1. Over region 1-61, calculate the relative contact order: mean separation of alpha carbon pairs under 8 Å at least 6 apart, over the residue count, as a percent.
2. What chymotrypsin sites (Phe, Trp or Tyr not before Pro) in region 1-86 are in a loop by DSSP, with at most 13 other Cβ atoms within 10 Å of the Cβ?
3. Ignoring everything but the protein chains, give the 1.4 Å probe accessible area of Asp49 in square angstrom, nearest 10.
4. With a point put 7 Å past each Cα toward its Cβ, work out how far Glu54 is from Glu40 in nm, to one decimal.
5. Please work out the average accessible area per residue across region 35-75, using the 1.4 Å probe convention, and give it in Å².
6. With r defined as the distance between the Cβ atoms of Thr33 and Lys67 and R0 fixed at 30 Å, what FRET efficiency is calculated, to the nearest 0.05?
7. Would you list, by chain and number, the lysines whose Cα falls below 18 Å from the Cα of Lys30, excluding same-chain residues fewer than 8 positions away?
8. Quickly work out the Gln81-to-Asp20 label distance, labels modelled 7 Å from Cα along the C-beta direction, and quote it in nm with one decimal.
Amino acid sequence: MASDTVTGVVKSVFFSSPNDLFKIMLVKIKATTLTWTEDEIVVKGSFGDIKEDETYTFTGGLVSHPKYGMQFNAESYRSEQPTSRDGLIGYLASNR
C-alpha cells in the first residue's frame, strides 16, 4: 500500500489516551500528497512527544470514521526542525 504524507502544524490535540500514546489532533496543512481541498485535517495515531504549534510530517493514509468522517491515520511521523544554519539560528533565537 502506498503511503501519503501530510506536513503541517499541530493546532490542537482533541484526545490523548491516558493508557497509551494514541492521540487525535487537528493539523493545519502546509503540504500534502493527498487530494484534499481543506486547509486542516484530523490526524490520529500513536505519538510520543507531540507539541502544539510545532510542524511535523505524518506518513499514513486516509480512513473513514463512521461518526467523524475522513481522518488521516498516521503510521509514522517526524518533527520538521530547521536544517540550514540560518534557519537553526532563527529557530534557536525565537521564543519557542
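1. 45 percent
2. Answer in residue order: Tyr68.
3. So the heavy atoms of Asp49 present about 100 Å² to solvent.
4. 2.1 nm
5. Using a 1.4 Å probe on heavy atoms only, each residue of region 35-75 averages 57 Å².
6. 0.70
7. Straight-line reach from Lys30, under 18 Å: Lys11, Lys44, Lys51.
8. Computed distance between label sites Asp20 and Gln81 equals 2.8 nm.
The values are calculated or read from the model by the stated rules, or taken from the named source; none is laboratory data. The structure displayed is predicted, hence computed values, not measured ones. In this analysis, Cβ positions are derived from the backbone assuming ideal geometry, glycine residues included, and neighbour counts consider all displayed protein chains. Protein only, heavy atoms only, side chains kept; ligands, DNA and RNA dropped before computing areas. Shrake-Rupley method; radii C 1.70, N 1.55, O 1.52, S 1.80 Å.
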